[in-house]
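To keep things clear, I will list the structure first and then write my remarks on it.
The values are calculated or read from the model by the stated rules, or taken from the named source; none is laboratory data. Because the structure is predicted, anything quoted here is derived from the model rather than measured. For neighbour counting, all protein chains shown are included, and Cβ atoms are generated from backbone atoms with ideal geometry for every residue, glycine included. Side chains included, ligands, DNA and RNA excluded: accessible areas come from the protein's heavy atoms. Shrake-Rupley method; radii C 1.70, N 1.55, O 1.52, S 1.80 Å.
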Amino acid sequence: MKKHGIPDDVITIIKNLYDDGQRAVKWSGVIGEWFIVITGIRQGCILYPLLFALVMDWIIRTALNGLDVGIKWIYGSRLCDLDYADDIVLIDSTHERMQKMTAAVENRGKKVGLYMNEDKCKVMISNDWKDNTETKIGSKDIDVIEEFCYLGSCVLNNSSCDKDCQTRIGKANSVFGRLKSVWKNKQISITLKLRLDKSVHNAIRSRTVVPVSRTKEEA
């Protein structure tokens, strides 16, 4: 937190909230034995998003600092990761660098009690990538996939949006079908129905994800 400019007084207050914290499980009105919690965040704590984001930022920054990884980006920089909460996308154009990044993030995460879920991690290869070497987490190979659904969006390795559009249309049809009684209700004004129609369309269109994966770097 100091590296992000958070004052020492605030850091001390946060520490006091969590140091030597104790918990107990209450079931059917009976409180169980108390135990000390050494990891984790208080349930419902409003600081959770901030504290977790700081931890994830520290993991990525320290793991990839000094590594020549990622793809060419603007102004001579390189893009090597995209992060959303605890979901991380690592990006590179060679298997060697991809494996180096994966191992570095895995090892750094362990230092703060965070571990990669091998079953949920996937590799997506775009363009005309030729290297068939498996990327590993520990000793386990990561599955190579052609499509991945994330937050309602379907990302394909060929960058096609066809399936994603079809999925969105299907979801819209499903929502409209459940609102049939609303459309037929003559007591609801046309203006209100149009507003509802617009809100449904906007909600479905707004759920977008940028498809990025391991790809062949263009010269």
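Of the set (1) open to solvent by less than 60 Å² (accessible area, probe 1.4 Å); (2) modelled with pLDDT of 80 or more; (3) among the β-branched types (V, I, T), all apply to I190 but (1).
Confirm whether G76 is more than 23 Å from E134 (Cα to Cα) and open to solvent by less than 50 Å² (accessible area, probe 1.4 Å). No. Taken over segment 58-80, the criterion of being in a helix (DSSP H, G or I), under 20 Å from the mean Cα position of the chain (by Cα) and free of Cβ contacts under 8 Å to residues at least 40 places away in the same chain is satisfied by R61 alone. Exactly one residue out of D87, D83 is within 17 Å of the chain's Cα centre (by Cα), open to solvent by 70 Å² or more (accessible area, probe 1.4 Å) and at pLDDT 85 or above: that is D83. Would you mind stating whether K180 is under 23 Å from the mean Cα position of the chain (by Cα) and more than 30 Å from A104 (Cα to Cα)? So K180 fails the test.
Entry remark, segment 136-158: residues being of a type in the set (S, T, Y) and assigned to a loop (DSSP other than H, G, I, E, B) number 1 in total.
Across segment 25-65, the qualifying residues are those that are within 29 Å of T94 (Cβ to Cβ) and open to solvent by 80 Å² or more (accessible area, probe 1.4 Å), and the one among them that is modelled with the lowest pLDDT is N65. Taking first residues from segment 21-41 that are in contact (Cβ under 8 Å) with a residue 60 or more places away in the chain and partners that are surrounded by 10 or more Cβ atoms within 10 Å (Cβ to Cβ), the Cβ contacts under 9 Å between residues at least 6 apart in sequence or on separate chains come to T39/V112; T39/G113.
Please go through segment 170-187 and pick out each residue that is of a type in the set (A, V, I, L, M, F, W, C) and either open to solvent by 100 Å² or more (accessible area, probe 1.4 Å) or assigned to a loop (DSSP other than H, G, I, E, B) (or both).
Initial filter on segment 170-187 (of a type in the set (A, V, I, L, M, F, W, C)): 172, 175-176, 179, 182-183.
Matches in segment 170-187: L179 only.
Can you find even one residue in segment 102-122 that is touching a helix residue (DSSP H, G or I) at 6+ places or on another chain (Cβ under 8 Å), under 28 Å from I6 (Cβ atoms), in a strand (DSSP E or B) and open to solvent by 80 Å² or more (accessible area, probe 1.4 Å)? Within segment 102-122 (the criterion being touching a helix residue (DSSP H, G or I) at 6+ places or on another chain (Cβ under 8 Å), under 28 Å from I6 (Cβ atoms), in a strand (DSSP E or B) and open to solvent by 80 Å² or more (accessible area, probe 1.4 Å)), the answer is no, since none of the residues qualifies.
Pick from segment 110-137 the residues that are charged (D, E, K, R) and at pLDDT 85 or above: which of them is farthest from E96 (Cα to Cα)? I'd like the intermediate steps shown before the answer.
Just the residues of segment 110-137 that are charged (D, E, K, R), to begin with: 110-111, 118-120, 122, 128, 130-131, 134, 136.
Adding the requirement that they be at pLDDT 85 or above leaves 110-111, 118-120, 122, 136.
Values: K110: 22, K111: 23, E118: 19, D119: 21, K120: 21, K122: 16, K136: 11 Å.
The qualifying residue farthest from E96 (Cα to Cα) is K111.
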